[in-house]
Amino acid sequence: MIEPSQQASDYALVKRVAAGDQEAFSSLYDRLANALFSLAYQLLGDAAEVEDTLQEVCLQIWRSAATYNAKRSSVFSWAVMITRARAIDRLRARGRRQRLAETAADEVEKSVGVSSRWADASHVSAIKDDAARVRSALQTLPGDHRRAIEMAFFSEMTHAEIAQHTGSPLGTVKARIRRGLLRLRDGLDDL
Amino acid sequence: MISEAQQEQAALYALDLLSAEETAAFEVELSVSAELRSLVRELRESGAALAHAVEPQTAPPALKQRVLQQIAAEAAPRAAAAPGNVIRPSAAAFGRWLPWAIAAGLMVACALLARERAQLQDRVAQQEQATDAARLRAAHAEEAAEVARAETERMAQESRQIIAAAQTTPVLVALSATKDGPAKAQAVVAWDAARQSGTIKINNLPSAGNGRDYQLWAVDAEHKDPISAGIVRVNADGTTVVEFKPTAPAKSVQAFAISVEREGGVPKREGPIVLLGTA
């Protein structure tokens, strides 16, 4: 997904951050902030809370840079998963589980709608950036697979809760997440 | 070869959807399979890529300033705590004598400067030698860093095992096939001694056959016979995840075993043990 040269550059920055280099942290922030802010906004939908979350995420990255393992994930994925975990913690702390479950379908539709618009636009011109590639890859997935992985990723629901919410058997939900993620991987490789 | 069940666990693991016990059990599988680790990394990258699919937002510029200030505030105590920056209590008391100290210092400094110059020349020569040595070390630095990372990872793994063995929950026990069991069968038990309950995850174990059931046993140092932990039925694809509670308190579990028994299970083991793992 991320270009190898960019991954190497990010890794070098994280190593410097681990050594206490604030300038390197500033550069890393510039690389990641907008993507992480957008993700947290998608999950939380409240600008003030998103800012607090991103601040927490940045502190966590600063404090735990030494434990980053490049064999497990790229720096981008590492930061994304930290952000997602922090945002989901906040959702749970706010006690919004029930409310989100009720509106999850709308949010997923909205998310899919966003994906569709961008993917349509990207068909017109060459796919040049990561965002267009992901949106385009998402469009190649069967609808139920796409909805399953989007619900799994963009809400705080567990797979059991997704099954309950959608009225699908747990095994079906698990299979959709598995197949959806595998096909997304293959789709990203092909683009 | 990665089974569909493992792919499923890998996908859920990559999106942080597994429970703590499932995560612990899956990490045991990960620790012994490079292929599985590679799949998890790919799926995690694909999952994280979903972050690109959201509507783009721009982080407020003021946020960066706040974050950098907070980082700087955190960094300051670290720097202050460095040995070279320690302020000794006597330094404050010395402040009263500062004007006198400056005057005396200037006199002494004049005398010392000549000697300093000679010493500096020596140091420059030493630094040149040290620079050469540093270049040699740098040539090997990347290799040494990789070795250090591997060593750190190994030590972390050992630490987790030691902590688990000491008291933290759950303790993980890997079960493998005995001579009487199917060669590819595997299982992992996550055992919580404090709660006297656990979860077993099984892969590649075929059906026990008509009129037969698999039965899980806890081998405990304080009991003469293994304690039954219940019947375990596998799915058609040879997998299952089952939560269990031994029928008697098991305070010093030494091993877990699965045997083939009469349908419905038996109070005391009779059949052959097909999977076994020591705690």
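The values are calculated or read from the model by the stated rules, or taken from the named source; none is laboratory data. This is a predicted model, so every value here is computed, not measured. Counting neighbours? That spans all protein chains shown, and the Cβs are built from the backbone with ideal geometry, glycine included.
Among the residues of region B:228-237, those identified as assigned to a loop (DSSP other than H, G, I, E, B) and surrounded by fewer than 18 Cβ atoms within 10 Å (Cβ to Cβ) are B:R233, B:N235, B:A236, B:D237. Take A:A148 and decide whether it is small (G, A, S) and facing chain B (nearest Cβ under 9 Å). Judged against the criteria, A:A148 is not a match. Taken over region A:1-56, the residue count meeting the criterion of being over 18 Å from the mean Cα position of the chain (by Cα) and on the phi > 0 side of the Ramachandran plot is 1. Per the listing B:A229, B:A250, the residue uniquely touching a His at 6+ places or on another chain (Cβ under 9 Å) and closer than 18 Å to B:V171 by Cα is B:A250.
Looking at region A:64-76 only, could you name the residues that are within 7 Å of another protein chain (Cβ to nearest Cβ) and touching a residue at least 24 places away in the same chain (Cβ under 8 Å)?
Matches in region A:64-76: A:S74, A:F76.
Selection within region B:1-37: residues that are more than 19 Å from the chain's Cα centre (by Cα) and not in a helix (DSSP H, G or I). The member of this set that is nearest to A:A79 (Cα to Cα) is B:I2. In region A:52-63, the residue that is nearest to B:A75 (Cα to Cα) out of those that are at the interface with chain B (Cβ under 10 Å from one of its Cβ atoms) and buried (at least 20 other Cβ atoms within 10 Å of the Cβ) is A:W62. Can you confirm whether A:S136 is at pLDDT below 50 and assigned by TED's automatic domain parsing to the domain that holds A:H165? Here the answer is no, as A:S136 does not meet what is asked.
Mind listing just one residue for me: the one in region A:163-191 that is touching a residue at least 24 places away in the same chain (Cβ under 8 Å), of a type in the set (A, V, I, L, M) and more than 7 Å from chain B (Cβ to nearest Cβ) and, of those, surrounded by the fewest Cβ atoms within 10 Å (Cβ to Cβ)? Per the stated criteria, the residue is A:L191. Can you pull out the residues in region B:240-266 that are assigned to a loop (DSSP other than H, G, I, E, B) and surrounded by 20 or more Cβ atoms within 10 Å (Cβ to Cβ)? Hits for region B:240-266 are B:P246, B:A250.
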